[in-house]
Amino acid sequence: MTHRRGVRLAALQEAARTRLWPVPVAGVVLAVLAGLLLPVLDARLDAHLPGPVADVVFGGGAGAARTVLDAVASSLITVTSLTFSLTVVTLQLASSQFSPRLLRTFTQDRFVHTTLAVFLATFTYALTVLRTVRSPSDDGSGLASAAVVPRISVTVAFLLAVASVVCLVLFLAHLAREIRVETMLARVQAEACRTADLLYPSDGTVTSTPPDEEVQVPPSAVPVPATRSGFLSLVDEEALLDVAVGAGVTVVVDRLPGSSVVAGTPLAWCWTTSGDPVAPADLDQVRAVVRTAVVVGPEPTQAQDLAFGLRQLVDVASKALSPGINDPTTAVHAVGHASAFLCSVADRRLGDQVARDDEGVLRLVVRRPSVPALLDLAVAQPLRYGAADPVVLTRVAALLGEVAWCTSRPPVLDAVGAQLARLETVVGAQAFDEVERAQLQAEVDRARSALSRATVAR
């Protein structure tokens with residue numbers, strides 16, 4: 001489990017990037033600091049600016065400076081409101097048209113974060129600099145005083161306003177691209193592949209339990225109940241392994257990432273390898289560590305959930321096949337991206353992750369989905385909701401053939417064969433015409449050919 005620190009870091013990064021506020025708030029803080037410091041720098045450098053620079057920077061008086069800064073601030077708050085409105089409309093569209101699970105894809109969009117940060121920072125900076133502009137009679141003492149016009153600061157405000165206009169144009173173009181279903185599906189697939197690379201590197205440094213050696217919870221195991229309800233989002237394997245070795249027990253986290261957890265129900269199990277009862281002190285220690293090492297959040301996350309992205313793709317396909325949407329083309333595209341993800345992990349040893357102590361004794365098991373389970377997730381709902389659409393069934397058959405081409409592992413090939421038989425049963429129950437049935441059968445035959453080649457090659 002050498003990857004565990006990277007997984008925890010990825011979880012923290014995802015928690016930060018899936019919220020809209022951190023980057024804009026950071027931009028506001030930096031704008032306030034710049035608005036306070038630049039006028040001070042202005043006072044020191046204004047009289048010493050070289051001629052060419054003095055000709056470029058703002059050259060108006062206090063009234064003109066106030067007008068510029070006021071115009072920048074008032075226009076930017078309006079543009080920011082428009083940007084927020086467009087973002088909310090996009091989120092509503094993604095939720096109603098495609099899937100509510102896609103909202104995370106938009107909320108973690110760095111381009112949106114940066115655009116909002118630029119707008120809010122420009123607004124805040126202009127207001128902060130505005131308070132430093134002084135006319136000759138603005139000191140309140142009734143005595144004549146020199147005007148204070150931070151020329152460099154006003155020039156920076158003008159440049160930020162120009163940058164904001166450019167950002168607005170780019171944001172509109174970006175938004176038009178992001179609401180396309182093809183773009184969303186490609187992003188979901190890329191995120192899912194990144195999660196797979198983190199959890200199961202292709203170099204084989206992470207090992208999983210072979211299917212024929214799946215760890216079973218013995219009857220003598222003691223349950224470790226969940227203390228809160230929600231979704232399992234993160235497991236700190238390092239902390240669990242340390243407590244399991246220290247207490248001399250085996251700990252199994254018996255829930256998959258992303259699964260629903262109800263307070264009071266078993267979240268994990270522990271037992272001794274000798275079969276003796278777990279000591280009360282050791283059990284209390286294990287339960288205390290599980291409470292902090294197994295994070296249960298309000299929603300599923302992709303940090304350790306290998307099936308999260310695949311579930312999003314299946315949701316889009318199912319929504320597209322609903323009577324209210326009736327968009328089989330989108331369903332076909334979603335199944336295609338699911339196939340690309342499955343092919344990228346088909347030959348990796350997925351499944352439960354295990355850790356042993358220095359003597360080779362099993363100490364920790366963390367449940368993870370296997371490739372056959374992921375394959376069933378990708379196929380089950382498209383088969384059910386697209387059973388009457390030959391185009392969707394044809395793409396499902398192509399998915400099974402593509403997975404068969406990309407693996408030589410017997411459990412995966414057996415799962416492909418079972419799914420092909422399931423597909424043929426669904427096809428046989430439908431009233432397709434001869435042309436549709438012939439096209440479907442041709443794709444099924446290609447999938448079976450790929451499966452036969454892979455079976456012979458192994």
Report summary line: Which of (i) 119, 61, 33; (ii) 71, 51, 44; (iii) 93, 69, 38 gives Cα extents along the principal axes in Å as computed here? It is (iii)
Report summary line: Given the candidates F119, G61, A398, the one whose Cα lies deepest towards the positive end of the charge dipole of the chain, counting +1 at each Lys or Arg C-beta and -1 at each Asp or Glu C-beta, is G61
Report task. Work out the charge dipole of the stretch 173-314 with +1 on the Cβ of Lys and Arg and -1 on the Cβ of Asp and Glu about the Cα centre, then indicate which of S229, A293, P266 is farthest towards its positive end. Result -> S229
Query raised in the report: In what sequence, largest accessible area first, do E434, E443, E424 appear using a 1.4 Å probe?
Result: E434, E424, E443
Query raised in the report: Round to a whole number: what % of the accessible area of the stretch 274-423 belongs to carbon and sulfur, probe 1.4 Å?
Result: 54 percent
Query - Long-range amide H partners of L234 with built H, under 5 Å - result: V295
**Report entry** Förster-model FRET efficiency, 35 Å R0, Q216 and C193, C-beta, rounded to 0.05
**Finding:** 0.65
Report task. Might you list the cysteines of the chain that have no disulfide-compatible partner by the rule of another cysteine's Cβ under 4.7 Å? Result -> C167, C193, C270
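With each run of n ≥ 4 DSSP H residues scored as -39500 (n - 2.57), what mean residue ellipticity at 222 nm is computed for the chain after dividing by its residue count and rounding to the nearest 500 deg cm²/dmol?
Helix contribution divided over all residues of the chain: -20500 deg cm²/dmol.
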Query raised in the report: Tilt of helix 434-457 relative to the longest C-alpha principal axis of the chain, in degrees (0 to 90, nearest 10)?
Result: 80 degrees
Query raised in the report: Any idea what the dipole of the stretch 313-458 comes to, in debye rounded to 20, about its Cα centre with Lys/Arg Cβ at +1 and Asp/Glu Cβ at -1?
Result: 340 debye
Report summary line: Taking the dipole of the chain about the Cα centre (Lys, Arg +1; Asp, Glu -1; charges at Cβ), the one of A244, H337, S135 that reaches farthest to the positive side is S135
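For the stretch 281-328, with only Lys/Arg (+1) and Asp/Glu (-1) charged at the beta-carbon, what is the dipole magnitude about the Cα centre, in debye rounded to 20? List each step's numbers first, then the result.
Numbers: 4 positive and 6 negative charges, 7 e Å.
Dipole of the stretch 281-328, to the nearest 20 debye: 40 debye.
Sort H333, H113, H48, H174 from largest to smallest accessible area, using a 1.4 Å probe on the heavy atoms of the protein chains.
Output order, biggest surface exposure first: H48, H333, H174, H113.
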**Report entry** Using θ = phi - 60° and Karplus 6.51 cos²θ - 1.76 cosθ + 1.60, couplings along the stretch 375-388 (whole Hz; Gly, Pro as x)
**Finding:** 4, 5, 4, 6, 9, 4, 5, x, 5, 6, 8, x, 4, 8
Report summary line: With +1 at each Lys and Arg Cβ and -1 at each Asp and Glu Cβ, the charge dipole magnitude of the chain around its Cα centre, to the nearest 20 debye, comes out at 740 debye
Requested in this report: Skip the ligands, DNA and RNA, and give the accessible area per residue of the stretch 221-317 with a 1.4 Å probe, whole Å².
Outcome: 37 Å²
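The values are calculated or read from the model by the stated rules, or taken from the named source; none is laboratory data. Predicted model, so just to flag it, every value in this text is computed and none were measured. Backbone-built Cβ (ideal geometry, glycine too); neighbour counts: all protein chains shown. Ligands, DNA and RNA are stripped out before the accessible areas are found, and what is left, the full protein with its side chains, is counted by its heavy atoms. Shrake-Rupley method; radii C 1.70, N 1.55, O 1.52, S 1.80 Å.
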